[in-house]
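In what follows, a single structure is set out as structure tokens and then discussed.
Laboratory data are not the source of any read-out in this text; all were calculated from the coordinates shown. Computed from a predicted structure; not experimentally measured. Cβ: placed from backbone, ideal geometry, glycine included. Neighbour counts: every protein chain shown.
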Amino acid sequence: MKARRPKGTLDFVPPESDRLRAAEELFGQVCRLAGFEAVVFPTFEHTEVFVKSSGAGSDIVAKEMYSFSDRAGRELTLRPEGTPGVVRAVLENGVRLPCRLYYTGSFFRYSQPQKGRYREFHQLGVEALGEASSRTDAEVIRLGSEFFSRLGISDCRTVVNSIGCRDCRPAFRGLLVGFLKERREQLCTDCQLRLAHNPLRVFDCKNATCRNALAEAPVPRQHLCSGCASHFAGVLAELKRLELPFSLDDRLVRGLDYYNRTTFEYVSDSLGAQDSLGGGGRYDYLIEEFGGPATPAVGFALGLERALLALPEVDPTRRRALVFVVWLTEADISEAQSLLARLRREGIAARIDYDATRLKQQFRSADSARACCCVIVGGEELMRGACAIKDLASGEQTEVRLSDVVEQLRRRLALSGSAPAGVSR
Ligand code: AMP
């Protein structure tokens, strides 16, 4: 049997797999600098965790969850998003609030696969729990944007909106429902259902006739209570102070029930139909709904596959920051091994090929591993206390004293641009 990966899943093999891990590591660095700590939580939860938080009427819960009963009849679901699991874990473990947490991992949604949309995908997320200030919203928004820019995505735009709170949303909702009811026949069947459960979600619909029907619709931002209006003004003022360019989008409501006040999204025009790199918002009621204390919170989730798609493609011939130690004869192997161990101790990635007895075969191995250079150990050079460094890109070879080899290699690795944190091209 020739096994194939399931529909909607991806394999990451080198060099793309290195890029994925390097992007996750970069995300961790950016988050830790802003005082976030890692949280790791299960890939599956009791189904009710997602139903309770995301809303039974949300597309994710209604159509996209991978749910199953386990052998003991428990109803479980592969996580379609991170926030509910984080909130559950914080409360279950009695984590002290306020806290700032970040995560990376796989998420699962049963949707029609296309470029940028998969059934298993990776998200990078943060949750700032217990912070109410509009300055936190802006700081969190900037964090995502900073990550994309440090990753090398130059066309990431930030879009923001406010969707109100428990106080002002009911009145707005009534207004919107009245407006939509008059245009019910112009709405797609999904939106007609949304009208009953969560009319705000109609703004999410990509259907052209629904969009036309909404052209003159009232929008949440025009109907905020004074608390929400001043919070949002605070977010915008802080974004300006942080010099983060953004645009306003009155229709940005996001697909989950738990958001209130600020919503935001990162968009890249190079991605085509699936142009959202990530998004998030404030969710001040969710922790309480999970049985915890009333706790304001704000967070985001970024899509790693889309981030990689928005970057220029990896050059498959690009050399790595890897040194190949090459030996001339069996008698030189132990010296080669000492050098190999020394390089690794000094933080330089190094490999050796024990099986290839001929020099040419060893060079071929080095080349297929995309090493940037070889260090040749043996012969007269070794007797002089030296070795040869061969640059695999140029073919140029130079003799170096064994005592200087680490220093020399460091310089070359720095100059070659084949850095191990190879997120960018
Ligand atoms: P959401 O929670 O739906 O707003 O998702 C946040 C981000 O995760 C999106 O902006 C995408 O970048 C990414 N994402 C969501 N669903 C998928 C999917 N099915 N495949 C790939 N990436 C996804």
Would you mind checking the range 375-403 for residues with the amide N under 16 Å from a putative spin-label position 7 Å along Cα→C-beta of A414?
-> none
Scan around R351 for amide H atoms under 5 Å from its own, H built in the peptide plane at 1.01 Å from N, and keep only partners 5 or more places away or cross-chain.
-> V323, F324, V325
Considering the zone a paramagnetic label at E75 would reach in this model (a point 7 Å from Cα along the Cα-to-Cβ line), which residues of the range 22-60 have amide N under 18 Å from it?
-> 44-60
Ratio to report: Rg/Rh of the range 230-360, with Cα atoms as the point set and Rh obtained by the Kirkwood method; give two decimals.
-> 1.29
Unit-weight point scatterers at every alpha-carbon of the range 83-131, Debye formula, q = 0.16, 0.27 1/Å: log10 I(q)/I(0) is -0.56, -1.00
Length-normalised contact order of the chain, Cα under 8 Å, at least 6 apart, in percent, tallies to 16 percent
In nm², the average projected area of the convex hull spanned by the Cα atoms of the range 161-319 is 12.7 nm²
Going highest first, how would you order 90-99, 195-204 by mean Cβ packing within 10 Å?
-> 195-204, 90-99
Protection-proxy order for peptides 220-230, 354-364, 156-166, each taking the mean of Cβ atoms within 10 Å per residue, highest first | 156-166, 220-230, 354-364
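Eight or more residues apart or on different chains, and alpha-carbon atoms under 22 Å: count the Lys pairs in the chain matching that. Could the numbers behind the result be given before it?
Details: K7/K63; K7/K115; K52/K63; K63/K115; K63/K206; K115/K206; K181/K206; K360/K390.
Lysine pairs satisfying the spacing and distance rule in the chain number 8.
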Report Rg(Cα)/(2.2 N^0.38 Å) for the range 360-408, keeping two decimals.
-> 1.14
Of all DSSP beta bridges having both residues in the chain, the percent classed as antiparallel (nearest 5) is 80 percent
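Between E313 and A237, what is 0.36 nm times their sequence separation minus the Cα-Cα distance? Round to one decimal in nm.
23.7 nm
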Based only on Cα atoms, what Rg/Rh ratio does the range 4-50 have, Rh being taken as Kirkwood's radius?
-> 1.11
To the nearest 0.05, how large is the calculated FRET efficiency for S247 and Y110 if R₀ is 41 Å and r is the Cβ-Cβ distance?
-> 0.80
Stretched fully, the stretch from Y354 through N207 gains (0.36 nm per residue minus C-alpha distance, one decimal, in nm) 46.9 nm
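As a test of the definition: which semi-axes, in Å, follow for the chain when you take the square root of five times each eigenvalue of its alpha carbon gyration tensor? Largest first, please.
Ellipsoid half-lengths, sorted descending, are 52, 22, 21 Å.
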